[in-house]
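To keep things clear, I will list the structure first and then write my remarks on it.
What follows is calculated from the coordinates using simple rules that are stated; it is not laboratory data. In this text the structure is predicted, and so the values were computed from the model without any measurement. Glycine gets a Cβ as well: all are built from the backbone with ideal geometry, and neighbour counts include every protein chain shown.
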Amino acid sequence: MDRAEVPERLPESDRLSSQHDVTPDEVMISVCTTCKANDGQPGIGADLFDALQAAIDGGVATLRRVQCLGVCKRPATVAVSSPGGYTFLFGDLATDSGPAALASFVTAYREAAYGLVPWRQRAEVLRKGMIARLPPPHWSPEDGRAPT
């Protein structure tokens, strides 16, 4: 289902309510700043945070440091979330490719219904680095499918 094309905006009749749309000021990028490189060298998460700060426009999303996202085998790890949208968890991000890919993803996330960015619209580094996609807590259709 993740690879299925999802319309940018759902028809009004298919939406739960407009409160479930993602608004720009609600998008949160959480960066694990305690992530270490696979060789144990510290700083990979903090370095990614700094690179993201330069790549992400302040009006596009809020960027925050978090102590741990619990995915230590996939450093560096980032979560993109919003109250009305899906939460995406990405790992294996590097400071050279991750920030630009995440900036592009966040733009698409803001424009997609429920933040559900189609698989094909994600950069290759995010396709390979995806760890999880979690639906918003307040939304759970009876059949468990993604919105169409």
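Table for the structure above
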| quantity | calculated |
| --- | --- |
| Sites matching chymotrypsin sites (Phe, Trp or Tyr not before Pro) across the range 73-148 that sit in DSSP coil, with at most 16 neighbouring C-beta atoms within 10 Å | TRP139 |
| The range 22-134, dipole about Cα centre (Lys/Arg Cβ +1, Asp/Glu Cβ -1), debye to the nearest 20 | 400 |
| GLU142 versus ASP57: modelled label distance in nm, points set 7 Å from Cα along the beta carbon direction | 4.3 |
| Rg ratio (alpha-carbon, reference 2.2 N^0.38 Å) - the range 22-134 | 0.96 |
| Selection of trypsin sites (Lys or Arg not before Pro), the range 46-95, meeting DSSP coil and at most 14 other Cβ within 10 Å | LYS73 |
| DSSP-loop GluC sites (Glu not before Pro) across the range 49-148, with at most 11 other Cβ within 10 angstrom | GLU142 |
